[in-house]
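**Student:** Starting off with a structure, shown below.
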Amino acid sequence: MIEIRNLNKKFDGFQAVSDLNLRVKTGSVYGLFGTNGAGKTTVLKHIAGILRADSGAIEINGESVYENCSIKGRLAFIPDDLYFFSACSLQESALFYRSVYRGWNQDLYEEMTALFKIDLRRKLSKFSKGMQKQAAFILAISTSPDYLILDEPIDGLDPLIRKLVWKRILDGVAERKMTVLSSSHNLREMENICDSMGLMSEGRMMIERDLNELKSDIQKVQVAFRNEAAPGENRYSGLEVMHRESRGSIDLLIVRNPKNAVESSIRAHDPILLDFLPLSLEEIFIYEFGGDENAAKDTLF
Amino acid sequence: MRPKTPFFSISPVLIRENMRRLWAIPVFGFLAYFFSGVFPILMNYNDLSRIWSHILSSLNNTQPFFLMIHALIPTISAAAIFRYLHAAGSASVMHAMPFTRFTLFYSNLASGLIMISLPVLANGAILLAIQKPVEYDADYSYQISGLYPPSTPNIMSTPHIMNWVGMSLVIVLFVYSLCVLAGIITGNTVMHIMTAGFLNFILPALFLLLTLWGDIFLFGFPPAVQVAGISSLTPLIYVPFSNGSPGWLLITIYLIVSALVCLFSAALYAIRPLERAGDMLVFRPVETAVNYLVTFFGMSVTAYYFYAMDGGTEESKSRFYIGAAAGALIFFILSRMLVKKTLRVWNRKAAAGFGVYAIAALLVIAGFSLDLSGYERRVPNPDRVEEVGFSVAGIVSMSEPFAESHSDGNNLLFKDPGNISAFIAFHKRVVDNISSFKHKERDYADLSVNLSYGGYSFPPDRVWSINYPFIREDKNLKQIFESQEFKSLNSLINLETDGFKSVTLHDWNYSVSLTPYQARELFSCVDRDKTLETWEQFTDLTYPLAIIETDYDATKQDDARRSGVSAYFTTAIPLYYENTVKWLRENGYYEIFVKEASDVVSMTALHIVNGAEAESVNVTDPANMQAVLRYGETAPIIAGDYWSVDVRFGKESAYAGSTANDNRDIEIEADYKEYGGANPAASIQPNVIIYCLNENNPALEAILGKAGNAKQ
């Protein structure tokens, strides 16, 4: 399990991360969201043992990550800003990684190079950004990491390769209980992959939840009644309405209640229409922060 | 739970990877050393004596290409190896790998050490393999090329080659350690290379600046040309300066400093804020230090520029202060722009920083200008002085150290307690008159007086510019000059030589050579006259009859170290040297050099006032002419007011003396051959002498007071 407790980090007087807490369960996929400058990369670099915290603890399975080679040997980090040794091909880089990481899996490496169809002898610095990202994935996955830390992993990859990459990652999660922590701007893509997620804003963790729990807690419903409500009557009393929008006689509600509770509460007023609509992760976050007019929308998009 | 991190660990994998990627650097280093040092030796392998100077300079590390490579390879190596620290991506990837920071640092450090050592070791191995005895040309070595002769005749022996390998390793290690430190404290590669150069030369530069400040403000402070002291602060300069032999103490210091710099770099690496990759400098205190150092350098240079532009006098100091203020402000802002990577650097924080600097700078300036340390007025306690080194140079010179054992290379060394007391009394008299030396009332000719105290480390040497009348009137210097100790030190008997290579008598018109036998006779006379010479005679500026110019073998045969090395000295023959003049008369040389009015074709006296001709007098009266020839002086005492007399001698008489000598030269040349001397044939110089007449000169009274001169 990856755990951060009360992490603080200042850069030249700027508080990049403030009292941040984060928990990633072993064998799960965690999505870390936030706008540019929210502090996602800083958190990931702390988890990868690159940066030293001003205060707080960053632990993997109860052990501090910083300067801990045994943990770092089981962890792979793919930064947004990629780096390979100058004038090295993928083959040469693989030789280095093989001698550094004990978990190097040569079969996996060969399988992945065949899958991604990468020229093994060409200098990596000559590759396009997307190709470099694929190379980074091949190297990282081939180390058979127990912990995979990804910073904006799908930027620069075409949709086909994205699928391929996520498939490989999820295979690792399924087969080896690999723990994945990935930062992203793209909520839509991540919501199908993540088990849990955290939203950061201005160095703080705004919300951190299990995705299923989050989705089961918030409902998007479309409701219409035969008659208008009597003065003083509230047909949604007993429900925690996060957002309400009326179009003619139809109300669109975002409600933080379990589905059963919502259904029974509204049916008690005999609606002519009650539909549960699909709710995207993007909407959940927007309404969780108080609706689309709220500044929280800017936090995300 | 935080794991324990070992302070020292190395990853062979990282070293191997570095060598695999950066192999071109040691290869380039090897080829650079090879083609600039070994290749010319191979090309001349049949006759290495032709390139003895190349071999000697290469193995002494005085060869410029070797020095460039010594500086370049460590800088390139450190820049290439630690480049990953200077970009966010590379720093992240490297530090995410399963290495501790110490492992990364020491593995990269070791990679660089291999890269800088291999080229030296490989070239050393080749030199050892191809070595064969090569002898050097001692005379050429010492006199012309400036190369100090080695201790053995064979300059390509195993010890010489091993010395080159060892010294080269010391240099590259020292330079490399500072380049590594530069890499750790900087945030990008350009800044890394700039800082590496800065760190390698900062100590000599600071030392130079401090001596410059002392030179400007403290009367008697040794000038900023103490090359040995300054250059010893880095082996890159000092190893060549010391002809490849800086001594074990300095070598040990260089190695210890290199090791300490590496340990310090390791400690800094452990706390390096990786998030600042890409910035100019990654540690805030270093930014402040660089900001202030650059400001101090800029302030000093600007202040000195203003000061020098105004003539560099006591009165120019106001310009120095203006320059210092302007330089401080300009360079504070410029250096802040550099370290902050922005043009918008002037804010409240910067103003406060500049205020702190300004206060510190004011204290430094006040410390120097008011001599708060009391340097100028400090006179040593005579009881603690064991030895005094002394020399005077200028229009009167008292510095000819005939014997190394009686000099420190520049000064004669005095040990007599009476003379030591006299020197200290002279020192005190100078101190009491400092104000008059600083604020010159008249434009007197100055003499450079060098005084050092042996056995008394503080205060250091004094180098004063003191006017000629002050020196001439000094009773203490008179006592010293006329003492038995000085006469003994000044004797030609002290010459450590096996023989003279050539001895020439000359003035501005004629030059004649003497046989070795004649030379010994003449020196015996000169020695007797020097013993009888008084201080007043010595400091008299009257033109000497002739000059003796001597080229001699500087060592005795039992000193193999400098066997065959030439040395050179001149000494004047004033007319009051009775024994010498008598010898010249007896040997027929007096008539050649004595100046008679009948030899003069024309004589024009110009009154020079403040560098311009104020009046002119044609001297035509033979008696007046004779007075000028008899009392004419060698130099003006007051630069702004003296007479210059242009005397043209008859062509016929000039050649007459020389022609008479020509026949004798053939015999002399044959005599010198056994000493291996140069051709001592006489040479004819232009037959014009310019005499000076200072105030109260009897000749001046004659010119201006008597008839027969045509005033213009």
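The values are calculated or read from the model by the stated rules, or taken from the named source; none is laboratory data. Given the structure is predicted, the values throughout are model-derived calculations rather than measurements. Glycine gets a Cβ as well: all are built from the backbone with ideal geometry, and neighbour counts include every protein chain shown. To get the accessible areas, we keep the full protein, side chains included, count just its heavy atoms, and leave off ligands, DNA and RNA. Shrake-Rupley method; radii C 1.70, N 1.55, O 1.52, S 1.80 Å.
**Student:** With the full set of protein chains in place, find how many percent of the accessible area of the protein assembly as shown is carbon and sulfur; take the probe as 1.4 Å.
**Tutor:** Values: 25270 of 45020 Å².
Taking all protein chains in place, the protein assembly as shown shows 56 percent carbon and sulfur surface.
**Student:** Moving on to the next point. Taking a probe of 1.4 Å, how large is the accessible area per residue of chain A, in Å²?
**Tutor:** Values: 13600 Å² over 301 residues.
Value returned for chain A: 45 Å² of accessible area per residue.
**Student:** Need one word for the range A:1-85: rounded, prolate or oblate. Basis is the Cα gyration tensor (sqrt eigenvalues a ≥ b ≥ c); a/c below 1.5 gives rounded, then a/b vs b/c decides.
**Tutor:** Rounded is the answer for the range A:1-85, as its axis ratio a/c remains below 1.5.
**Student:** If a/c stays under 1.5 just call it rounded; otherwise compare a/b with b/c (prolate if a/b is bigger, oblate if not). Do that for the range B:203-290, with a ≥ b ≥ c from the square roots of the Cα gyration tensor eigenvalues.
**Tutor:** Oblate is the answer for the range B:203-290, as a/c is 1.5 or above yet b/c matches or exceeds a/b.
**Student:** Please report the relative contact order for the range B:285-438, taking Cα pairs under 8 Å with a sequence separation of at least 6, and give it as a percent rounded to a whole number. Walk me through the numbers on the way to the answer.
**Tutor:** Values: 128 pairs, mean separation 24.3, N = 154.
Rounded, it is 16 percent for the range B:285-438.
**Student:** Could you check the spin-label model distance between residue B:46 and residue A:193? Points 7 Å from the Cα along Cα→Cβ, value in nm.
**Tutor:** So the two model labels end up 7.5 nm from each other.
**Student:** Return the distance in nm (one decimal) between the two label points of a simple spin-label model at residue B:289 and residue B:162, each offset 7 Å from Cα along Cα→Cβ.
**Tutor:** The two pseudo-label positions are separated by 3.8 nm.
**Student:** If you count, for every residue in A:96-103, the Cβ atoms of partner chains within 10 Å of its Cβ, what is the mean? List each step's numbers first, then the result.
**Tutor:** Values: counts 7, 1, 1, 6, 7, 2, 1, 0.
So the per-residue partner count for this stretch is 3.
**Student:** Let me ask something additional. Could you order B:363, A:252 by accessible surface area, starting with the largest, using a probe radius of 1.4 Å? Display every interim value, and only then the final one.
**Tutor:** Values: B:363 120, A:252 30 Å².
Result, largest first: B:363, A:252.
**Student:** How would B:349, B:487, B:438 line up by accessible area, probe 1.4 Å, largest first?
**Tutor:** Numbers: B:349 155, B:487 20, B:438 45 Å².
Reading off the accessible areas and sorting them downward yields B:349, B:438, B:487.
**Student:** Now, a different point. Anything over 23 Å Cα to Cα? Flag those among A:72/B:341; A:10/A:45; A:133/A:163, in the order listed.
**Tutor:** Violating the 23 Å Cα-Cα cut-off are A:72/B:341.
**Student:** Buried accessible area for the A:B pair, summed, 1.4 Å probe, in Å² rounded to 100?
**Tutor:** Numbers: alone 14990 and 32890 Å², together 45020 Å².
Chain pair A/B: roughly 2900 Å² of buried accessible area.
**Student:** Using R₀ = 30 Å, calculate the FRET efficiency as 1/(1 + (r/R₀)^6) where r is the Cβ-Cβ separation of residue A:216 and residue A:246; round to 0.05.
**Tutor:** Details: r = 26 Å, r/R0 = 0.86.
With R0 = 30 Å, the Cβ-Cβ based efficiency is 0.70.
**Student:** Could you give the length gained by full extension between residue B:441 and residue B:358, i.e. 0.36 nm per residue of separation minus their alpha carbon distance, to one decimal place?
**Tutor:** Numbers: separation 83, 0.36 × 83 = 29.88 nm, distance 3.47 nm.
Once the chain is fully extended between residue B:441 and residue B:358, it gains 26.4 nm.
**Student:** Let's test the formula: R0 of 41 Å, r as the Cβ-Cβ distance of residue B:549 and residue B:210. What FRET efficiency results, to the nearest 0.05? The partial results should precede the final answer.
**Tutor:** Details: r = 40 Å, r/R0 = 0.98.
That gives a FRET efficiency of 0.55.
**Student:** Provide the per residue accessible area, probe 1.4 Å, for chain B, rounded to a whole number of square angstrom. Let's see the in-between values first.
**Tutor:** Details: 31420 Å² over 712 residues.
Per-residue value: 44 Å².
**Student:** Taking 8 Å as the Cα distance limit and 6 or more residues as the minimum spacing, I'd like the relative contact order of chain B as a percentage. Present the calculation step by step, with values, prior to reporting the outcome.
**Tutor:** Details: 1133 pairs, mean separation 70.6, N = 712.
Once normalised by length, the contact order is 10 percent.
**Student:** Here's another thing I want to ask about it. Using R₀ = 25 Å, calculate the FRET efficiency as 1/(1 + (r/R₀)^6) where r is the Cβ-Cβ separation of residue A:125 and residue A:10; round to 0.05.
**Tutor:** Numbers: r = 34 Å, r/R0 = 1.36.
E between residue A:125 and residue A:10, to the nearest 0.05, is 0.15.
**Student:** Taking the full set of protein chains and a 1.4 angstrom probe, give the accessible area of residue B:43 in square angstrom, rounded to the nearest 10.
**Tutor:** Probe radius 1.4 Å; accessible area of residue B:43 about 130 Å².
**Student:** How far apart, in nm, are the 7 Å Cα→Cβ label points at residue B:397 and residue B:696?
**Tutor:** It is 2.6 nm.
**Student:** Same structure again: Roughly how crowded by other chains is peptide A:45-54, in terms of the mean Cβ count from those chains within 10 Å of each of its Cβ atoms?
**Tutor:** Working: counts 7, 0, 1, 5, 7, 10, 6, 7, 0, 0.
Taking all residues of A:45-54 together, the mean is 4.
**Student:** What is the angle, in °, between the Cα long axis of helix B:348-369 and the longest principal axis of the Cα atoms in chain B? Nearest 10 is fine, range 0 to 90.
**Tutor:** Long axis of B:348-369 versus the principal axis of chain B: about 30 degrees.
**Student:** Same structure again: Identify all lysines with a Cα-Cα distance to residue A:220 below 24 Å; exclude those on the same chain that are fewer than 8 residues away in sequence.
**Tutor:** Once the sequence-local lysines are set aside, what remains near residue A:220 is A:259, A:297.
**Student:** Can you tell me the length gained on complete extension of the stretch residue B:342 to residue B:31, counting 0.36 nm per residue apart and subtracting the Cα distance? Please list the in-between numbers first.
**Tutor:** Details: separation 311, 0.36 × 311 = 111.96 nm, distance 4.13 nm.
The span from residue B:342 to residue B:31 would gain 107.8 nm if fully extended.
**Student:** I need to check one value: relative contact order of chain A, counting alpha carbon pairs closer than 8 Å and at least 6 residues apart, in percent. Spell out each step's value before the answer.
**Tutor:** Working: 561 pairs, mean separation 61.7, N = 301.
With pairs under 8 Å counted, the relative contact order is 20 percent.
**Student:** For the range A:140-204, state which trypsin sites (Lys or Arg not before Pro) are in a DSSP loop and have at most 13 other beta carbons lying within 10 Å of their beta carbon.
**Tutor:** On the way: sites: A:162, A:163, A:167, A:168, A:176, A:177, A:188, A:204; in loops: A:177.
Taking the range A:140-204 and a limit of 13 other Cβ atoms within 10 Å, the loop trypsin sites (Lys or Arg not before Pro) found are A:177.
**Student:** With every protein chain present, what accessible area does residue B:256 have (1.4 Å probe, heavy atoms only), rounded to the nearest 10 Å²?
**Tutor:** Near enough 90 Å² of accessible area.
**Student:** Of the cross-linked pairs B:438/B:475; B:440/B:595; B:317/B:415, which ones have a Cα-Cα span greater than 30 Å in the structure shown? Let's see the in-between values first.
**Tutor:** Working: B:438/B:475 22 Å; B:440/B:595 36 Å; B:317/B:415 39 Å.
With Cα atoms farther than 30 Å apart: B:440/B:595; B:317/B:415.
**Student:** What is the gain in length, in nm to one decimal, between residue B:586 and residue B:537 on full extension, counting 0.36 nm per residue of separation less the C-alpha to C-alpha distance? Let's see the in-between values first.
**Tutor:** Values: separation 49, 0.36 × 49 = 17.64 nm, distance 2.38 nm.
Taking residue B:586 through residue B:537 to full extension adds about 15.3 nm, to one decimal.
**Student:** Within a 10 angstrom radius of each residue's Cβ in A:6-15, how many Cβ atoms of other chains show up on average? Whole number is fine.
**Tutor:** Details: counts 0, 0, 0, 1, 1, 3, 5, 0, 0, 0.
Mean shielding by partner chains, rounded to a whole number: 1.
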